[in-house]
Amino acid sequence: MNPDIFREYDIRGIAGKDMTEDDVIQIGKGVGTYLIQHGSSKLTVGRDCRKTSDLYAEKITEGLLSTGCDVIDIGVCPTPVLYFSIIHLKQEGGVMITASHNPPEYNGFKLCIGLDSIHGKDIRKILDIINEKAFAEGKGALSSADVVTPYKEFIDQNISISKPLKIGIDAGNGTAGVVAVPILKSLNCEVHDIYCDMDGTFPNHEADPTVEANMKDLISLVREKELDLGIGYDGDGDRIGVIDEKGNIVFGDQLMIIFSREILSRKPGATFISEVKCSKTMYDDIEKNGGRAIMWKTGHSLIKKKMKEEKAELAGEMSGHMFFADRYLGFDDAIYASCRLLEILANTGKTISELISDVPKSYSTPEIRVECPDNKKFSGA
């Protein structure tokens, strides 16, 4: 097993190379032992549509059960449905088999204790448990449950779109499309979808909506069909990308402005969390409208923790993670964020470009991602 797969926010690497089937069983034993040590033994396991996800779900479940953890298999689903399942099924943790937007040969595991992500030093503790083979022993019970249906029902009951909207959806052949499209249609939207069938080879483009090249087909769809907006999802449905009615990309900090203004109209003085890549314009706008804006460390695990500490109503990143505590459950959910955006458009009668027309224009370089081996990242941490 390559130890570098134990990263800051998850466990992730090349399937079959960085981790074998037996390695995944060992990871399950390590995770199960860690959870039991922290008083948690009931969890849900979900998976994305990658070619190795079914097998890895089976193997990690085998390891979890051997430590005495009880596992509810919720099947193929977006990551937000896994988070939702922990609350809906009254569980104590969860494991999501996914490598998000990474190439098809990758796979990995997002880990939760309660709704808190296991990250940083705690992920390294799981590696220590595996290396020491200090596993708990027991015989857990395995069951299964449909959580997608109650998830859809929850959103349908908590979102109200006052007039029909025409929207384009590009799920990048990940897991979000098969859940999002029925929800949006049930909310009386006219949906034009591309790449919403699940295909773990991601044949059309990388499932990352923050990369402009991946949004080209959605931009064309919005312009050709004269849609109200376009929405892109990453591979596991926890990050959102948005195209306005003119075919322009709407960045994460601009979405934060739209969402924060609506929340502040109902909750004056509310607190919002974001990160260093978001513009000063966004922070200024929140404060100008009576909100409290906090800049924090990048990373969904760190953001969720800070949200709880500050009792924030919303947090967001340039990467498209949007975390709603206002009217929701506090985790990053791109499908729910889509519905909140549509609700604002319908209720105000404005287009996206009109909603941010008064926001000062700012100019910045695009995000530059410097390749760095994981072992060097950890040695410098």
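The numbers here are math on the coordinates, done by the rules we state, and not lab data. This one's a predicted model, so the numbers in the text were calculated from it and none came from an experiment. Cβ sites come from the backbone with ideal geometry, for glycine too, and all protein chains shown count toward neighbours.
Length gained on full extension, ARG223 to LYS361: 47.4 nm, using 0.36 nm per residue less the C-alpha separation. What's the FRET efficiency of LYS139 with GLU105 using the Cβ-Cβ distance as r and R₀ = 41 Å, to the nearest 0.05? Efficiency at R0 = 41 Å is approximately 0.75. Answer rounded, prolate or oblate for region 3-146, using the Cα gyration tensor with square roots of eigenvalues a ≥ b ≥ c: rounded when a/c is under 1.5, else prolate when a/b is larger than b/c, else oblate. Taking the square roots of the gyration eigenvalues as a ≥ b ≥ c, region 3-146 is rounded.
The H on the amide N of ARG292, modeled in the peptide plane, is under 5 Å from the matching H of ALA270, THR271, PHE272, each at least 5 residues off or on a different chain. Here the chain was treated as a single set of alpha-carbon atoms; its pair distances binned every 20 Å from 0 give 29, 58, 12, 0 percent. Taking the Cβ of GLY63 as the center, what net charge do the other residues with Cβ under 11 Å away carry, scoring Lys and Arg +1 and Asp and Glu -1? Its environment carries a net charge of -3. Working note: 222 nm ellipticity from helices only, DSSP H runs with n ≥ 4, each -39,500 (n - 2.57), summed and divided by the residues of the chain, gives -11500 deg cm²/dmol to the nearest 500. For region 81-223, lysine pairs with C-alpha atoms less than 21 angstrom apart, excluding pairs fewer than eight positions apart on the same chain, total 13.
In square nanometres, what is the average projected area of the Cα convex hull of region 150-355? Across all orientations, region 150-355 yields a mean hull projection of 10.4 nm². Note on ASN289 and LYS121: their simple-model spin labels are 3.8 nm apart, each label 7 Å out from Cα toward Cβ.
Restricting region 133-224 to trypsin sites (Lys or Arg not before Pro) that sit in a DSSP loop and have at most 12 other Cβ atoms within 10 Å of their own Cβ leaves LYS133, LYS139. A prolate overall shape is assigned to region 220-330, the ratio a/c of its alpha-carbon gyration tensor axes (a ≥ b ≥ c) being 1.5 or greater and a/b exceeding b/c. Report the FRET efficiency, 1/(1 + (r/R0)^6), for LYS308 and LYS267, where r is their Cβ-Cβ distance and R0 is 22 Å, rounded to 0.05. Result of the calculation: an efficiency of 0.80.
Here the simple spin-label model places points 7 Å from the Cα toward Cβ, and for ASN248 and LYS17 these points are separated by 4.1 nm.
Note on GLU371 and LYS51: the model spin-label points, each 7 Å out from Cα along the C-beta direction, lie 2.2 nm apart.
To the nearest 10 degrees, how steep is helix 148-158 against the longest Cα principal axis of the chain, on a 0 to 90 scale? Value to nearest ten degrees: 30.
Report, to the nearest 10°, how far helix 53-66 tilts away from the longest principal axis of the Cα atoms in the chain, using its own Cα long axis and a range of 0 to 90°. It is inclined by approximately 50 degrees.
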